[in-house]
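The values are calculated or read from the model by the stated rules, or taken from the named source; none is laboratory data. Owing to the predicted nature of the structure, the values given are computational and were not obtained by experimental measurement. Reconstructed Cβ throughout: ideal geometry from the backbone, glycine too, with neighbour counts over all protein chains shown. Note: areas computed on protein heavy atoms with side chains; ligands, DNA, RNA excluded. Shrake-Rupley method; radii C 1.70, N 1.55, O 1.52, S 1.80 Å.
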Amino acid sequence: MYGRSPHILMAAPQAVPWTARVTSARVRTTIVSTSLPNADSGSGASIALALIASALRERGHDVSLCPLVYPEYVTPDGAGHERQLEVATSLGYEVVPVLSEAWRQRPVDRSVSARIRRAWRPEPEELYPQLRDARSVRESVARLAPEAVFVYGFSALAASAELRVPRFAATSDPPHESLRGRTLRRWREERRPLRILRDAVSLQAKLRAYPRLDAQLLRDCEAVGAFGRHHAESLRRAGIACGYYRTPIADPGPPGPPPANERPRLLLIGHLRGTATLDGLRVFRAMLPHLERELGAGGFEARVVGGYDAPPELRPLLEHPSMRFVGFVDEVDEEFRAADVLLVPVSIRLGVRVRVLTGFSHGSCIVTHEANAYGIPELEHGRNALLGSSAAGLASQVVRALREPELRGRLRVGARETYERCFTPSVAGAALGETLERIAGAHLREAAR
């Protein structure tokens, strides 16, 4: 993600409306994931897991962790896997990690026939190398003896394939959509026609194979949910019983007075290895001429907050006089409070922009691409945000927000109202525990019969 905050990103979904009739229950719950909970890591998945695990504990669950560990993975705050394990253990969780085999290179048959077969019909382990971890995950989870398992993400879902404990699969970005985006971006950057031609055949095969394998893995789970409405709808069209789960966000407190900056401040936030963040910066690069024409050169400051270094193609943008690359920060809440406009120009319909939801919690004035309303149907143009469909349109909405203080004030109020109605832990957080309790109870009743 972008920095440290105790208020960012509690990704517990809401499958059904929560009511006061639901009570807490003592359920032994194991979280299987490809990340470890750490609210200070700057990694979106790690922050999400920290708050998910905390929410389950508060509900009365006995929470344990079975993370897939990748030795070379480093979170945005610079922590390697050993430090990540130390933090998770220090939080009081029982942790039984699995050293993933997914990162190890295996011998590949490079004969012409094998290459043609892989290009036409990729093997499941080529799509999800984490399938190699299924036996180790089964053995590790058995040591933890849970009554229900929360599986976070598609890669963890593949690794959990041999579990016979009731599973709740919480999904986000479909891997084939992420693959499509990464491949198209690489093609644009490299411009190597022969490689593009070769990759295109393999890409099409994987785009066909991923949804089939995903459906097979999900059908074996007792409960399935997606964090974006569009992803839930897509899975339902594929015959999967899947609900749209809202993402609970911890409350940073009532919004303060509007910021008093010498020149308008725009906030662009997200770590610089994220597909969504990079797409948004490319859109902002196209917005810059429109903004400078309306606001003047030096008439605003655009702050980019997030971990990791920028890719070479975006370094000239970050060196622009109107830009300031802040990098990873410890107090990300301060950045939200100090921004005149939270700008989220991400134009791809992938996942859910938690930075938008966090903006709701802060009562931010939000300008975002209309693509994000597919995952967040609570976005309403003119009530809690301003939406645009192009670089020019987004720039126009930013200028409108900066020039109309009354509109900016109404959007701030609407954003906070949306948060309180839809995304507080008390409204959106209870369904996670309720779903796990339901599948655990059904399993116990079936066993008793």
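Assorted remarks:
- Binned Cα-Cα distance frequencies in region 266-320 - 10 Å width, integer %: 23, 58, 19, 1
- Across all Cα pairs in region 201-246, the calculated P(r) in 5 Å bins from zero up to the longest distance comes to 5, 23, 26, 22, 13, 8, 2, 0 percent per bin.
- All Cα-Cα separations within region 216-299 were binned at 5 Å from zero, giving a P(r) of 3, 10, 11, 11, 13, 15, 13, 9, 6, 5, 3, 0, each value a whole percent of the pairs.
- Proximal charge balance of HIS369 [Cβ under 13 Å; K/R count +1, D/E count -1]: +2
- 3J(HN,Hα) from dihedral phi, region 374-385, Karplus parametrisation 6.51/-1.76/1.60, rounded to Hz, x for glycine, proline: 5, x, 10, x, 6, 5, 10, 4, x, 10, 10, 5
- Share of carbon and sulfur in the accessible heavy-atom surface of region 250-306 [1.4 Å probe, %]: 51
- Computed 3J(HN,Hα) for region 229-240, one whole-Hz value per residue from the Karplus formula 6.51 cos²θ - 1.76 cosθ + 1.60 where θ = phi - 60°, is 4, 5, 6, 4, 5, 4, 5, 5, 5, 7, x, 9, glycine and proline marked x.
- Kirkwood hydrodynamic radius over Cα pairs of region 393-449, then Stokes diffusion coefficient at 4 °C and 1.567 mPa s, in µm²/s: 87
- Cα gyration tensor shape of region 192-342, rounded if a/c is under 1.5, else prolate or oblate by comparing a/b with b/c: oblate
- In this structure region 307-449 gives 40 Å² per residue of accessible area when probed at 1.4 Å with all protein chains present.
- Burial order of peptide ranges 165-172, 30-37, 257-264 (average beta-carbon count within 10 Å, highest first): 30-37, 165-172, 257-264
- Amide H partners (placed H, <5 Å) of ALA250, local residues excluded: LEU9, MET10
- Residues whose amide H lies under 5 Å from that of VAL344, counting only those 5 or more places away or on a different chain, are VAL367, THR368, HIS369; hydrogens are built 1.01 Å from N in the peptide plane.
- Residue among GLN216, GLY243, GLY256 farthest towards the positive dipole end of region 212-310, charges placed on Cβ: GLN216
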